[in-house]
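Report on the following structure.
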Amino acid sequence: MRRKLVKIFKRTMLIIVLIAILALIFPTWTPEIKGENSISTLGQVKLNGEGHEVMIRGVDRNNPIIIFVHGGPGCSEIPYVRKYQQELEQHFTVVHYDQRGSGKSYHFFANYSNLTTDLLVDDLLALTDYVTEELGQDKVVLIGHSFGTYIGMKAAAKAPDKFNAYIGIGQMADTVQSESESLEYTMEQAKQASNLEDVKSLELLRDSIERGEGFTPRILLQKYGGAARLINENRDYNLGFFLNPEYNGLDVIRFYKGVLGSQDILMREVLANHLPNIVDHLDIPTYFVMGKYDYMTTVNAARDYFDVLEAPVKDFVVFEESAHYPQFEEKERFAEWLNELF
């Protein structure tokens, strides 16, 4: 009997090990979109000398192109974003990519010590060239989200001829102003909830944030509703990692190594170089889209930037039910707004 149990145990462990290996290395893909002229591709593309993971989806490849620039730094949206863009895929060809050193674009033996936002801008411009050539058209709407707005704004300023419009969702602005407002909001929410330990820990950060050397902890912004109201972004990532076919287990490891390797170096650059001091005008139509309850990148700071930014056409749009993710939290309204615009 004992020998039989040992044999069953060994077989069970072997099955578990095999399942774990398969989970790490199973082939990845993005589900097919039916239609004669549809497109649904996921794969590596060499851009600016580096392999990048690019996902392109849409029911008609002749529709206008949207290129999304993800935030973080390092926080790819490819693992879960399909659930929020079905409507967009009906009217646009939607492009997502993992930035250099992020997600599936993280290469284990590469050196990312020279990572800068200027390098990421050049990568984005190379991606734009690739996509327009691949699809045989050049109507491109550039959309940055959160940290992606820092890259997107600089790219739109550097090469306005490549884009028909720029949209900044959760637009970055003066980082010290935004983080100071985030701190005040989070402390007030913690006081109202009588969470005195959170209040004390936040107060200890005040000097560093006001000096432009730190950030309000994102875990506390999430806790008090300054990140998302109508979605659970952490659950989106977890379910996307383990249930969606775009990422396997090895890609999840790449994701977290990319976040750890890129956030510190890139956010130091952002703290030292505020976006309004870098880009004061764009030569294309420009739209800032903010969630009313966004305290990751605050509405007030974005509005102040918008007021001094010069552009041939510009608009400031507030989504009343959202925080930092209006394109997901109010996806129907966002798709409707975008369809009317383009």
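Filtering region 290-341 to residues that are among the small types (G, A, S), under 18 Å from the mean Cα position of the chain (by Cα) and either more than 11 Å from M172 (Cα to Cα) or surrounded by fewer than 20 Cβ atoms within 10 Å (Cβ to Cβ) (or both) leaves G291, S322, A323, A335. When region 115-130 is limited to residues that are of a type in the set (D, E, K, R) and out of contact with any Phe, Trp or Tyr (no Cβ under 9 Å at 6 or more places or on another chain), the one that is farthest from I65 (Cα to Cα) turns out to be D118. If we keep just the residues of region 25-75 that are of a type in the set (S, T, N, Q) and out of contact with any strand residue (DSSP E or B) (no Cβ under 7 Å at 6 or more places or on another chain), which is nearest to L124 (Cα to Cα)? Filtering first and then ranking leaves N48.
Picking from residues in region 187-215 that are of a type in the set (S, T, N, Q) and outside any helix (DSSP H, G or I), the one that is nearest to the chain's Cα centre (by Cα) is N195. Against the numbered list (1) closer than 30 Å to A157 by Cβ; (2) out of contact with any Gly (no Cβ under 9 Å at 6 or more places or on another chain); (3) assigned to a helix (DSSP H, G or I), L239 comes up short only at (1).
When G225 is tested against (1) assigned to a helix (DSSP H, G or I); (2) surrounded by 14 or more Cβ atoms within 10 Å (Cβ to Cβ), only condition (1) is not met. Selection of region 240-279 for residues being touching a helix residue (DSSP H, G or I) at 6+ places or on another chain (Cβ under 7 Å) and closer than 19 Å to V121 by Cβ yields G258, L266, E269, V270, L271, H274, L275, P276, I278, V279.
Any read-out appearing in this document is the output of simple, stated calculations on the displayed coordinates, not a laboratory observation. Since the model is a prediction, treat every value here as computed from it, not as a measurement. Virtual Cβ from ideal backbone geometry, glycine too; neighbours counted across all protein chains shown.
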